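What follows is one structure encoded as structure tokens, with my remarks underneath.
The values are calculated or read from the model by the stated rules, or taken from the named source; none is laboratory data. Note that the structure is a prediction, hence the values are computed from the model and not measured. In this analysis, Cβ positions are derived from the backbone assuming ideal geometry, glycine residues included, and neighbour counts consider all displayed protein chains.
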Amino acid sequence: MISKTINLTLKVWRQNRSDKIGRLETYPAKDISVDMSFLEMLDVVNEDLTRQKKEPIAFDHDCREGICGMCGAVVNGRAHGHEKETTLCQLHMRHFSDGDTIVIEPWRARAFPLIKDLVVDRSALDKVIAAGGYISVNAGGAPDANSLPISRDVAEKAFNAAACIGCGACVAACPNASAMLFVSAKVSHLAALPQGKPEAARRAMAMVRQMDACGFGNCSNETECEAECPKGISIIEIARLNREYFKSEFA
Amino acid sequence: MSSEVKLDAKIPDGPLAEKWDRHQFNLKLVNPANKKKFQIIVVGTGLAGASAAATLAELGYNVKNFCIQDSPRRAHSIAAQGGINAAKNYANDGDSVWRLFYDTIKGGDFRAREGNVYRLAQLSCNIIDHCVAQGIPFARDYGGLLDNRSFGGAQVSRTFYAKGQTGQQLLLGAYSALMRQVATGKVTLFPRREMLDLVTVDGKARGIVTRNLITGDIETYDAHAVVLATGGYGNVFNLSTNAMASNVTAAFRAYKKGAYFANPCFTQIHPTCIPVHGTYQSKLTLMSESLRNDGRVWVPKKPGDKRRPAEIPESERDYFLENKYPSFGNLVPRDVASRNAKEQCDKGKGVGETGLAVYLDFADAIARDGEDVIAGKYGNLFEMYEKITGENPYKTPMMIYPAVHYTMGGLWVDYNLMSTIDGLFVLGEANFSDHGANRLGASALMQGLADGYFVIPYTIGGYLAGTEFADVNAAKTPEFAESVDAVQRRVDKFLSINGNRTVSEFHRELGLILWEHCGMSRNEEGLVKAKTLIQNLRREFWENVYIPGTGQDLNQSLENAGRVADYLEFGELMVNDALERKESCGCHFNTAYQTDENEAKRDDENFCHVAAWEYTGDDETPRFHKEPLVFENVELSQRSYK
């Protein structure tokens with residue numbers, strides 16, 4: 001299929017392990033079809049590098065349909081690039097123009113140590129979930145699913161918060177590298193539902209403490225996280241988290 | 001080819017509806033105090049792996065859980081869109097455990113086991129209960145009760161869903177349960193690890209060898225049992241709806257250690273995917289089957305009609321599924337829908353620039369229900385479509401084409417989900433057992449979670465309680481060191497070839513061979529040809545591949561090389577299997593065996609069996625074994641969706 005192509009210049013962060021000094025390297029990206037995704041564009045550049053017997057750019061990716069949360073880079077200063085509510089794998093090259101220079105950097109946060117090039121270690125987010133991001137129920141013995149009616153609005157509210165894909169863009173976008181939007185999404189999802197209520201206050205306290213322990217910064221209402229979240233998670237969730245947190249403080 | 005070992009599926013005696021209950025009672029138990037003495041390795045953190053790891057830890061076992069991604073939450077189950085089936089009959093439309101069982105057996109074109117499928121249908125109800133208790137935000141109606149929708153191959157509404165993100169929500173539920181056990185210390189997580197070998201000691205699975213994808217270290221882990229939940233092998237085709245890291249390596253390594261591989265030629269081609277649009281393409285994106293609830297599939301009646309869809313009047317459109325299958329219409333099973341789309345395109349009636357697409361049109365549904373209602377049901381899918389194609393499906397019909405999506409084949413397991421290697425259990429898409437020759441929509445999530453939450457916790461106990469274990473230690477037992485050596489030699493070999501072609505080039509070429517000859521339709525001549533092409537490509541790979549970088553570092557080219565090397569062997573196994581099965585059934589459509597109406601024509605006399613393949617050495621023909629399928633409760637019939 002013949003489609004429009006563009007030529008670009010990439011400036012890509014190259015760094016091997018966090019203890020070495022990184023640098024921006026310049027690579028041409030030629031004859032890029034505008035129907036490609038951003039990651040497919042990087043694939044093409046990597047194939048070229050490999051054919052020149054140079055080491056390709058390491059980047060995390062997996063599902064390539066915007067749901068696994070594995071991909072992500074700061075593109076021209078914006079987490080996942082400039083398109084609203086879009087993961088990097090769903091950012092398509094039709095949103096760029098011929099001759100553009102694109103700067104590509106990894107997520108930068110103390111809690112996300114760099115592994116290589118654009119790959120960072122986000123295991124801190126798993127630690128935060130392990131601190132309390134669940135309802136304590138073992139398999140077996142649950143009552144019939146329809147024994148607990150939940151109004152459609154409440155289910156919807158829970159769903160909207162549960163849509164978080166854990167990509168870390170909120171942290172990368174935040175000047176304080178805070179994970180408040182991530183934490184609040186899980187706290188708010190579970191606190192909205194009757195099943196999650198009994199543990200709601202304890203959960204909020206435990207997850208916020210773990211967030212602090214992992215080296216994430218504090219929230220100072222910059223709202224950059226909401227602007228960059230590929231799933232459109234609202235900062236209303238942070239307000240809900242604060243409510244649960246205060247309850248746990250004063251209860 | 002002869003069958004030497006009798007494959008015993010260990011289906012319990014008794015009436016179908018009582019088999020699982022009886023079996024649970026007959027299984028030996030591990031007493032609560034003894035559970036903590038056992039170590040279990042679970043590889044994979046998708047719906048099957050995460051649910052198994054969490055549940056086994058809840059019971060008191062010590063679990064080591066491995067995944068290839070940076071976090072267990074990324075596993076590809078997360079991308080499942082449409083829903084999960086359960087025989088709840090909340091819709092009061094005539095559903096039952098029996099009907100779900102029957103639909104699944106029939107949908108699989110009578111190539112699955114009655115006992116396993118009935119158990120799956122029974123457990124489907126427990127899954128929904130448990131997931132609601134975990135806080136999964138399923139769709140609800142205004143009364144606050146759970147909502148259902150319809151999926152292909154069924155005439156009842158039994159599919160539970162969370163918008164178009166059902167897989168994500170179910171996986172995050174299993175992931176949360178898993179992380180809760182990580183916090184208790186009962187599960188130790190090993191992310192960014194790739195399993196590169198299974199270690200057997202005295203014929204029992206006792207551990208695995210992994211490569212740490214960050215440091216390149218080759219690591220060993222021992223256990224009393226190994227559970228593989230490593231997903232399907234659809235990426236053997238290069239282009240599929242699978243995630244990029246989904247691969248056959250863990251299962252294939254187990255095959256090489258003695259686990260039989262069953263029905264490898266059964267791969268599901270999903271009818272509703274965004275069509276291929278360029279050679280650079282890295283993956284294909286599925287548009288949920290749920291869209292066929294409201295979308296109407298059509299092509300122009302006249303071959304070569306290049307008018308825009310809006311310019312083609314109603315009288316000149318062929319709604320080929322509705323016309324051919326009036327009772328199921330657009331909701332025929334996936335294999336039937338895919339084959340019909342291909343047939344239309346082969347006749348020159350395909351649409352779009354490549355001619356390899358059909359329309360999925362929502363104009364009637366929007367006119368009937370309003371844009372708001374359609375947006376409420378499918379909004380996120382429509383947005384996804386627009387992001388990828390730049391076209392607005394509210395205004396113009398979607399263009400769709402079939403793509404590789406799921407693999408019904410997998411490692412052979414018995415009723416306990418144990419493979420032909422003692423102590424090696426296989427769950428979810430990685431095993432072969434429940435979907436026969438075609439999986440119905442919304443049944444993969446059901447099977448993954450049934451296996452993990454409700455089957456393995458019982459059956460693994462039976463194995464552990466009834467088995468004597470030798471002392472095994474990954475640091476001392478020689479089998480581990482031997483395996484590490486073999487893995488290291490292979491890594492070194494990849495890096496030393498220093499040829500001229502990239503790993504992706506080989507993968508793309510293999511994918512095209514299989515798509516052409518072992519895809520939606522097959523024939524003997526094409527399969528024989530494919531076999532030679534794959535052998536030649538494999539030879540070239542080992543002489544001419546180039547892999548940059550080193551083994552002591554994050555090296556994604558090296559990771560891919562290992563996976564593609566396995567695909568180059570596995571692809572041939574698929575072709576062998578397709579050649580051996582001289583009938584058509586479900587997804588396996590050999591053009592020599594079809595009914596007058598071009599439907600798959602089974603040969604129940606000679607092929608009502610599971611084909612299981614035993615590895616006999618590199619470049620040797622694998623040995624064929626047969627597990628006859630016995631149908632005591634359903635009558636084998638020609639599938640009809642008319």
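What to note about this one:
- If only residues of the range B:311-336 that are of a type in the set (A, V, I, L, M) and at pLDDT 95 or above are counted, the one that is surrounded by the fewest Cβ atoms within 10 Å (Cβ to Cβ) is B:Ile312.
- Residues located in the range B:421-480, provided they are without any contact (Cβ under 8 Å) to a residue 12 or more places away in the chain and crowded, with 24+ Cβ neighbours inside 10 Å: none
- Exactly one residue among B:Asp492, B:Asp471, B:Asp485, B:Asp451 is among the charged types (D, E, K, R) and under 28 Å from B:Tyr175 (Cα atoms), and that residue is B:Asp451.
- Residue match in the range A:134-144 (condition: modelled with pLDDT of 95 or more and assigned to a helix (DSSP H, G or I)): no
- Some residue of the range A:57-80 being within 14 Å of chain B (Cβ to nearest Cβ), in contact with a helix residue (DSSP H, G or I) (Cβ under 7 Å, 6 or more places away or on another chain) and not in a loop (DSSP other than H, G, I, E, B): no
- Top-ranked residue of the range B:81-108 - restricted to ones that are in a helix (DSSP H, G or I) and of a type in the set (Val, Ile, Thr), ranked as nearest to B:Cys273 (Cα to Cα): B:Thr104
- Residue list for the range B:19-67, restricted to those being within 27 Å of the chain's Cα centre (by Cα) and β-branched (Val, Ile, Thr): B:Ile40, B:Ile41, B:Val42, B:Val43, B:Thr45, B:Thr55, B:Val63
Yes/no per residue for (1) among the charged types (D, E, K, R); (2) more than 30 Å from B:Asp485 (Cα to Cα); (3) in contact with a Phe, Trp or Tyr (Cβ under 8 Å, 6 or more places away or on another chain); (4) surrounded by 24 or more Cβ atoms within 10 Å (Cβ to Cβ):
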residue: B:Ala177; (1), (2), (3), (4): no, yes, yes, yes
residue: B:Arg192; (1), (2), (3), (4): yes, no, no, no
residue: B:Ala205; (1), (2), (3), (4): no, no, no, yes
residue: B:Thr215; (1), (2), (3), (4): no, no, no, no
residue: B:Ala225; (1), (2), (3), (4): no, no, yes, yes
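- Residues within the range A:162-178 that are among the polar types (S, T, N, Q) and surrounded by fewer than 21 Cβ atoms within 10 Å (Cβ to Cβ), tallied: 1
- Within the range B:263-286, being assigned to a strand (DSSP E or B) and more than 9 Å from chain A (Cβ to nearest Cβ) holds for B:Thr267, B:Gln268, B:Ile269, B:His270, B:Pro271, B:Thr272, B:Cys273.
- Residue match in the range B:247-254 (condition: closer than 22 Å to B:Leu445 by Cβ, within 13 Å of chain A (Cβ to nearest Cβ) and touching a residue at least 60 places away in the same chain (Cβ under 8 Å)): yes
- Pairs meeting the criteria (first residue in the range B:94-105 and under 13 Å from B:Asn633 (Cβ atoms), second residue assigned to a helix (DSSP H, G or I), beta carbons under 6 Å, at least 6 apart or on different chains) are B:Val97/B:Ala121; B:Val97/B:Gln122; B:Phe101/B:Val117; B:Phe101/B:Tyr118; B:Phe101/B:Ala121; B:Thr104/B:Val117; B:Ile105/B:Val117.
- Of the set (1) within 14 Å of another protein chain (Cβ to nearest Cβ); (2) at pLDDT 95 or above; (3) buried (at least 24 other Cβ atoms within 10 Å of the Cβ), all apply to B:Gly82 but (2).
- Leading residue by the ranking (surrounded by the fewest Cβ atoms within 10 Å (Cβ to Cβ)) among those in the range B:522-552 that are within 14 Å of chain A (Cβ to nearest Cβ) and either in a loop (DSSP other than H, G, I, E, B) or among the hydroxyl-bearing types (Ser, Thr, Tyr) (or both): B:Gln552
- Flag for A:Ala142 being more than 14 Å from every other protein chain (Cβ to nearest Cβ) and hydrophobic (A, V, I, L, M, F, W, C): no
- Set side by side, the residues A:Gly132, A:Gly168 differ, and just one is more than 22 Å from A:Met205 (Cβ to Cβ), of a type in the set (Gly, Ala, Ser) and more than 7 Å from chain B (Cβ to nearest Cβ), which is A:Gly168.
- Selection count, the range A:171-197, where residues are touching a residue at least 60 places away in the same chain (Cβ under 8 Å) and within 7 Å of chain B (Cβ to nearest Cβ): 2
- Output for the range B:122-162, where each listed residue is of a type in the set (S, T, N, Q), within 8 Å of chain A (Cβ to nearest Cβ) and part of a loop (DSSP other than H, G, I, E, B): none
- Which listed residue is of a type in the set (Asp, Glu), in contact (Cβ under 8 Å) with a residue 40 or more places away in the chain and in contact with an Asp or Glu (Cβ under 9 Å, 6 or more places away or on another chain), from A:Glu85, A:Glu47, A:Glu105: A:Glu85
- The range B:461-473: number of residues that are within 31 Å of the chain's Cα centre (by Cα) and under 12 Å from B:Arg206 (Cβ atoms): 1
- Filtered residues of the range B:33-80 (kept if out of contact with any Lys or Arg (no Cβ under 6 Å at 6 or more places or on another chain), under 19 Å from B:Ala223 (Cβ atoms), of a type in the set (Gly, Ala, Ser) and part of a loop (DSSP other than H, G, I, E, B)): B:Gly44
- B:Ile128 fulfils the conditions (1) over 22 Å from B:Val455 (Cβ atoms); (2) touching a Phe, Trp or Tyr at 6+ places or on another chain (Cβ under 9 Å) except for a single criterion, (1).
- Single unsatisfied condition, B:Gly519 versus (1) surrounded by 18 or more Cβ atoms within 10 Å (Cβ to Cβ); (2) assigned to a helix (DSSP H, G or I): (2)
- B:Asn555 being buried (at least 21 other Cβ atoms within 10 Å of the Cβ) and farther than 14 Å from B:Ala437 by Cβ: yes
- Here the range A:126-161 is the region considered, the condition is being more than 14 Å from B:Arg140 (Cβ to Cβ) and touching a His at 6+ places or on another chain (Cβ under 6 Å), and the residue that is surrounded by the fewest Cβ atoms within 10 Å (Cβ to Cβ) is A:Ala142.
- Filter result for the condition that a residue is under 23 Å from B:Ile547 (Cβ atoms) and either touching a residue at least 60 places away in the same chain (Cβ under 8 Å) or more than 7 Å from every other protein chain (Cβ to nearest Cβ) (or both), over A:Lys53, A:Lys20, A:Lys11: A:Lys20
- Boolean, B:Gly562 is under 20 Å from the mean Cα position of the chain (by Cα) and either more than 14 Å from chain A (Cβ to nearest Cβ) or surrounded by 20 or more Cβ atoms within 10 Å (Cβ to Cβ) (or both): no
- Residues of the range B:287-304 classified as surrounded by 18 or more Cβ atoms within 10 Å (Cβ to Cβ) and not in a helix (DSSP H, G or I), total: 9
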